[in-house]
1. Give the residue that is nearest to residue 96 (Cα to Cα), with candidates limited to residues of the range 59-83 that are touching a helix residue (DSSP H, G or I) at 6+ places or on another chain (Cβ under 6 Å) and either assigned to a loop (DSSP other than H, G, I, E, B) or in the same structural domain as residue 349 (by TED's automatic domain parsing) (or both).
2. Test residue 50 against the stated conditions and say whether it is part of a loop (DSSP other than H, G, I, E, B) and modelled with pLDDT of 95 or more.
3. Among the numbered criteria (1) in contact with a strand residue (DSSP E or B) (Cβ under 7 Å, 6 or more places away or on another chain); (2) within 19 Å of residue 202 (Cβ to Cβ); (3) in a loop (DSSP other than H, G, I, E, B), which one does residue 44 miss?
4. Yes or no: the range 240-247 includes at least one residue that is touching a residue at least 60 places away in the same chain (Cβ under 8 Å), part of a loop (DSSP other than H, G, I, E, B) and touching a helix residue (DSSP H, G or I) at 6+ places or on another chain (Cβ under 9 Å).
5. Exactly one condition in (1) in contact with a helix residue (DSSP H, G or I) (Cβ under 7 Å, 6 or more places away or on another chain); (2) farther than 16 Å from residue 41 by Cβ is not met by residue 192; state its number.
6. Consider residue 101 against the criteria (1) surrounded by fewer than 24 Cβ atoms within 10 Å (Cβ to Cβ); (2) farther than 23 Å from residue 198 by Cβ; (3) touching a helix residue (DSSP H, G or I) at 6+ places or on another chain (Cβ under 9 Å): it satisfies all of them except one. Which criterion is unmet?
7. For the range 36-46, enumerate the residues that are touching a residue at least 24 places away in the same chain (Cβ under 8 Å) and either buried (at least 23 other Cβ atoms within 10 Å of the Cβ) or out of contact with any helix residue (DSSP H, G or I) (no Cβ under 6 Å at 6 or more places or on another chain) (or both).
8. Name every residue in the range 248-285 that is touching a helix residue (DSSP H, G or I) at 6+ places or on another chain (Cβ under 9 Å), surrounded by 17 or more Cβ atoms within 10 Å (Cβ to Cβ) and within 30 Å of residue 32 (Cα to Cα), in order of residue number.
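The values are calculated or read from the model by the stated rules, or taken from the named source; none is laboratory data. All of these numbers come straight from a predicted model, not from anything done at the bench. Counting neighbours? That spans all protein chains shown, and the Cβs are built from the backbone with ideal geometry, glycine included.
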């Protein structure tokens with residue numbers, strides 16, 4: 001047993017992972033785009049209604065594909081949330097683009113459309129919308145901005161698979177969307193991701209850049225007699241054994257989501273009277289949105305209260321963690337012009353947010369211990 005009796009996260013298994021991995025080996029095709037990869041593609045395309053789903057080795061690589069597909073390069077700008085994981089920004093910086101950091105709304109922690117509009121210039125090549133905790137950004141406003149200025153929206157949907165915005169699946173509204181299947185996500189294969197392509201004009205090029213810049217996908221469909229190097233790209237296909245693991249998870253999606261919904265709702269219900277007494281804010285999900293049940297977080301009054309609560313839980317063998325640090329005032333962010341005060345909501349939220357233990361196999365008694373420990377905390 002590790003230091004913590006109740007960890008923040010624990011990789012969880014749906015039950016058929018080993019059997020499907022063995023089957024992938026028996027089929028004799030364990031490199032990319034084998035039987036289980038195609039199964040995953042078909043499920044995502046049919047359930048979400050996206051034009052093309054492509055598994056990748058991780059979400060970072062799906063974001064890097066997005067940077068290529070939006071043709072970002074030196075002299076271009078990409079609007080990104082400061083409250084995000086570093087690869088949300090890094091994928092575009094690696095192509096030579098300049099990140100333009102914007103703030104988030106305090107209600108959803110998603111992009112603030114007013115701040116986005118103020119930052120759009122003729123050099124803007126993409127707007128990246130991160131659906132934090134699987135709660136949608138203000139997508140209608142962002143899509144309208146993108147359309148008005150001729151700028152594609154890329155949804156960073158690492159948290160949001162099976163969340164909805166006004167009846168539409170997250171990941172299906174932007175020109176492109178990226179998914180994560182990291183071990184901390186609802187559905188996992190250890191490390192994995194996917195690119196969802198909603199703009200039909202980008203499908204063929206997406207297949208090319210994912211296949212090392214070659215038109216191998218057209219060759220495999222019998223559309224050309226041989227394949228060759230035609231564009232930029234890299235090797236972003238996961239092994240079919242990895243896809244087999246993921247297929248077991250996706251196959252159990254209803255059971256997994258049901259369990260996570262129960263965990264989230266229990267935290268929310270049993271902390272409802274305790275939190276406001278200490279000036280602590282619970283997550284908010286607007287009525288026109290359906291979340292993905294990805295995480296449960298609290299917003300403490302200030303950093304000092306958060307540190308006291310972290311220590312309080314740690315003494316009871318429970319690990320709770322904070323999340324993103326503001327990218328605009330990181331060491332690299334400052335090199336791109338970021339300054340304190342540029343994104344006040346991000347700076348405030350980052351210093352106060354605390355994520356509670358949340359994973360598929362968290363037991364009722366373990367969650368009860370976490371809730372009990374929280375109720376013992378007097379602020």
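1. Restricting to residues being touching a helix residue (DSSP H, G or I) at 6+ places or on another chain (Cβ under 6 Å) and either assigned to a loop (DSSP other than H, G, I, E, B) or in the same structural domain as residue 349 (by TED's automatic domain parsing) (or both), the top hit is 72.
2. Answer is yes for this residue.
3. (3) is the only condition that residue 44 fails.
4. No, the range 240-247 has no match at all.
5. Every listed condition holds for residue 192 apart from (2).
6. (1)
7. 36, 37, 40, 44, listed by residue number.
8. 248, 249, 250, 251, 256
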